[in-house]
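Novice: The structure under discussion is supplied below as structure tokens; questions concerning it will follow.
The values are calculated or read from the model by the stated rules, or taken from the named source; none is laboratory data. All values reported here derive from a predicted model rather than from experimental measurement. Here the Cβ positions follow ideal geometry from the backbone for every residue, glycine too, while neighbour counts run over all protein chains shown. Side chains are part of the model used for accessible areas, which takes the heavy atoms of the whole protein and leaves out ligands, DNA and RNA. Shrake-Rupley method; radii C 1.70, N 1.55, O 1.52, S 1.80 Å.
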Amino acid sequence: GTMENSGVDDYKGGHLFIYDPDKEIRDKTDNIISPGELINLGIPVEGEGIYSLVYDDSHNLIYGITYPNGVLFNYSPVSKKIRIIGYTIEALHLMPHDVIKIRGVSSAIICDKEGNVYGSTGDSELFKYDIRDNKIRVLDVKMPGEKGREYLVVADAFTMDKNGLIYGGTSDGF
């Protein structure tokens with residue numbers, strides 16, 4: 001696979017991995033003598049880098065979103081399988097130039113208490129992956145941004161409080 005406009009024709013894709021810090025060996029002053037174990041789980045989406053990850057503790061799944069095409073996937077630590085869910089926005093492939101396309105991929109994703117995944121699509125929109133019906137939908141809400149620059153607004157950070165309210169932070173540039 002290739003990564004668009006990267007100048008790298010043989011880019012295979014980003015690797016998902018596990019790092020076990022409990023296997024680090026430390027000296028008496030807490031300096032690391034030997035690192036923990038790192039396990040390569042493979043490339044979830046060929047030719048795509050991994051842009052963001054989130055853990056869904058209600059279903060024991062790891063969700064990720066890729067760059068440059070915004071593919072949502074999950075990994076099950078139990079079955080050790082990767083599942084491609086789909087594009088977080090179909091319109092991403094219709095965007096006319098690279099700056100807009102880069103800004104169309106969500107920099108952050110989050111899971112709610114039920115295991116639904118949220119992120120941004122570009123153009124100030126939020127998406128929701130509904131775990132019950134296995135569909136990605138663009139929500140009918142717009143994130144705040146500067147007038148005339150709405151197409152650049154993406155979510156760069158999410159967090160959730162103990163009541164399940166999701167808070168997010170945006171940017172509309174680099």
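Novice: Conditions first: (1) farther than 28 Å from VAL71 by Cα; (2) touching a Pro at 6+ places or on another chain (Cβ under 8 Å). GLY13 passes all but one, so which condition is the exception?
Specialist: With respect to (1) farther than 28 Å from VAL71 by Cα; (2) touching a Pro at 6+ places or on another chain (Cβ under 8 Å), GLY13 is out only on (1).
Novice: Applying the selection to the range 121-134, what residues are more than 19 Å from ASN60 (Cα to Cα) and modelled with pLDDT of 90 or more?
Specialist: LEU126, PHE127
Novice: Regarding the range 55-73, can at least one residue be identified that is more than 15 Å from TYR129 (Cβ to Cβ), among the hydrophobic types (A, V, I, L, M, F, W, C) and open to solvent by 10 Å² or more (accessible area, probe 1.4 Å)?
Specialist: No, the range 55-73 has no match at all.
Novice: A further question on this structure: Applying the selection to the range 130-149, what residues are farther than 16 Å from ILE110 by Cα and either among the aliphatic types (A, V, I, L, M) or open to solvent by less than 70 Å² (accessible area, probe 1.4 Å) (or both)?
Specialist: Matches in the range 130-149: ASP133, VAL141, GLY145, GLY148.
Novice: If I go through the range 22-36 residue by residue, how many of them are surrounded by 12 or more Cβ atoms within 10 Å (Cβ to Cβ) and either in a strand (DSSP E or B) or touching a helix residue (DSSP H, G or I) at 6+ places or on another chain (Cβ under 7 Å) (or both)?
Specialist: Qualifying residue count for the region: 1.
Novice: With the requirement that a residue be under 17 Å from the mean Cα position of the chain (by Cα) and either modelled with pLDDT under 90 or in a loop (DSSP other than H, G, I, E, B) (or both), what does the range 4-21 give you?
Specialist: Answer for the range 4-21, where residues must be under 17 Å from the mean Cα position of the chain (by Cα) and either modelled with pLDDT under 90 or in a loop (DSSP other than H, G, I, E, B) (or both): GLY13, GLY14, HIS15.
Novice: When the residues of the range 43-54 are filtered to those that are open to solvent by less than 20 Å² (accessible area, probe 1.4 Å) and assigned to a strand (DSSP E or B), which remaining residue is farthest from GLY119 (Cα to Cα)?
Specialist: Only one residue tops the list, namely GLY49.
Novice: Another question, if that's okay. Please work out which residue is most open to solvent (accessible area, probe 1.4 Å), limiting yourself to the range 74-84 and to residues that are assigned to a strand (DSSP E or B) and either of a type in the set (D, E, K, R) or more than 16 Å from ILE18 (Cα to Cα) (or both).
Specialist: LYS81
Novice: Got a number for residues in the range 130-163 being among the polar types (S, T, N, Q), in contact (Cβ under 8 Å) with a residue 12 or more places away in the chain and outside any strand (DSSP E or B)?
Specialist: So the count comes out to 1.
Novice: Residue by residue through the range 40-62, note down the ones that are of a type in the set (Asp, Glu) and under 12 Å from the mean Cα position of the chain (by Cα).
Specialist: Matches in the range 40-62: GLU48 only.
Novice: Within the range 164-173, how many residues are in a loop (DSSP other than H, G, I, E, B) and surrounded by fewer than 17 Cβ atoms within 10 Å (Cβ to Cβ)?
Specialist: Residues flagged as in a loop (DSSP other than H, G, I, E, B) and surrounded by fewer than 17 Cβ atoms within 10 Å (Cβ to Cβ) within the range 164-173 amount to 3.
Novice: Here's another thing I want to ask about it. If VAL154 passes every condition in (1) aliphatic (A, V, I, L, M); (2) open to solvent by 40 Å² or more (accessible area, probe 1.4 Å); (3) touching a strand residue (DSSP E or B) at 6+ places or on another chain (Cβ under 7 Å) but one, which one does it miss?
Specialist: (2)
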